[in-house]
Amino acid sequence: MAKTSDISGFYKLPIDERVAKIREVADLDDEEVDAIRNTGVLGDDLADRMIENVVGTMPMPLGMAMNFRINDKDYVVPMAIEEPSVVAAASNLAKVARKRGGFHTSHSGSLMIGQIQVTGVPDPWGARAKILQHKEDIMTKCDMCDKVLVRFGGGARDVIVRVIETMSGPMVVVHLIVDTRDAMGANAVNTMAEAVAPFLEEVTGGRVYLRIISNLATYRVARSWAIFDKDELGGEEVVDGMIKAYHFAAADPYRCATHNKGIMNGISAVVIATGNDFRAVEAGAHTFATVDGGYKPLTKWEKTADGHLMGVIEVPMAVGLVGGATKVHPTARANVKILGVETADELGMVMASVGLAQNVGALRALATEGIQKGHMRLHARNMAVQAGAPIEIVDEVVRRLAQMERFDFGTVEEVVAEVKKEKGLQ
Ligand code: MEV
């Protein structure tokens, strides 16, 4: 069969028949089919209900970060990530933070923003005034959409109206401020935005197009701070180097993107492990990094009076504990239980703390020996497997590579061949 992506009715087929079609189209062998046709803990039914055109699942390593002490409570933190070093760094730096009391957090509350775009209004400021005059009616209409949310103490809290200049002329942009409690809230907020749109058209005489949540969750911000002991970090000179690394990020968007990426290594891994929407959190975090002008680090680093390193993070954390994959995915459910968090706010504060730990780990490595040594040591396991090492010799291969301090692929191949020969595995 010629390679085609036009397979009529693919979505209607049972999973096995979809897989058969893909096997044919992509000329997969049995091993490759097994690699995609595995619904794991979800099982066929759940996987097939979660998204469309399912053929299997894509497993990712799940590690547990240790040593987190946040507001005098201990947490074991599940992290789902494919990158080596991340879980180890989070655990190591959480241990360093413990020495000086661990992490301390606060949260701005669980308010999300729903945006409604009103166009074609000749008198946008007048329209704004009229909308605000009907604020209570709008909030009542919102609350009528989600009685369960209201029962749990959530619901509409405010209506903010902005007038913005665009390439299509002025637009009136209505922000519904909604307390979504322990839900991430996209469904609740989108439903409310759609429900009040006709009323806004009536009040303004304008035409509504978009009605959708904003992922820039500026009213749902988690903060965390911790002091990292200078001696544990390697001394005052190391601390100075780390602060200079932060200043570099604050001055240069090219460095800042990488600085913030490192923070998101930690945050996104926990977001994924708990079945939350990592794209929403990533979009919110990176946009939040720009709200004061320019693109800035999500963390701030200073030296305390006695020379220790003080770190602070502030980041929007639109995550939930109810609804979506968090409740449906058995692994996410187990991970939430392992975390032992009781509210979405608490979950956000744990995630922010992991981001802070991740950042300090990266800064320390970068300001000292560089990240490659530690990283390659951990990555060596993957490289050994890639170089054909059967699983029983991987540890020995990694031990020899570490002894030689050589992690280039050529050396990995040589060492794999050497160990295989010794064990009679050639
Ligand atoms: C790699 O995934 C993350 C780092 O590049 C972060 C950083 O440079 O701060 C190490």
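Every number in this text was worked out from the coordinates using simple rules, so none of it is lab data. Computed from a prediction, not measured in an experiment: that's the story for all the values here. Here the Cβ is made from the backbone with ideal geometry for all residues, glycine too, and neighbour counts use every protein chain on show.
Restrict the search to region 248-351; then list the GluC sites (Glu not before Pro) that DSSP places in a loop and that have at most 11 other Cβ atoms within 10 Å of their Cβ. Show your work: numbers first, answer last.
On the way: sites: GLU282, GLU302, GLU314, GLU342, GLU346; in loops: GLU342.
Those that pass, being in a loop and sparsely packed, are GLU342.
Ordering SER168, SER108 from the fewest to the most neighbouring beta carbons within 10 Å gives SER168, SER108. Do the alpha carbons of any pairs in LYS95/LYS337; LYS261/LYS296; LYS73/LYS261; LYS261/LYS300 sit beyond 20 Å of each other, and which pairs? The answer is LYS95/LYS337; LYS73/LYS261. Here the contact order of the chain, divided by its residue count and restricted to Cα pairs under 8 Å and six or more residues apart, works out to 17 percent.
Ranked by the mean number of other Cβ atoms within 10 Å of their residues, highest first, the peptides 170-176, 133-139, 361-367 fall in the order 361-367, 170-176, 133-139. In angstrom, the C-alpha Rg and Dmax of the chain are 25.4, 84.
Ranking request for peptides 67-78, 16-27: highest mean number of other beta-carbon atoms within 10 Å first, then the rest in descending order. Could the numbers behind the result be given before it?
Numbers: 67-78: 18.7, 16-27: 15.2.
Packing proxy ranking, top to bottom: 67-78, 16-27.
So for TRP225, TRP301, fewest C-beta neighbours within 10 Å to most, what's the order?
On the way: TRP225 19, TRP301 23.
So the ranking, lowest neighbour count to highest, is TRP225, TRP301.
Once the Cα atoms are used to define both axes, helix 344-367 deviates from the longest principal axis of the chain by about 50 degrees.
Per residue, the chain reaches -16000 deg cm²/dmol at 222 nm when only DSSP H runs of four or more residues are counted, each adding -39500 (n - 2.57).
Between the listed residues ALA334, VAL354, GLY63, the Cα displaced farthest toward the positive end of the dipole of the chain, a dipole computed from Cβ unit charges relative to the Cα centre, is found at VAL354.
Against the chain, whose longest principal axis is taken from its Cα atoms, helix 236-251 shows a tilt of about 40°.
For the chain, take the longest principal axis of its alpha carbons; what is the angle in degrees between that and the long axis of helix 394-404, to the nearest 10 within 0 to 90? The answer is roughly 80 degrees.
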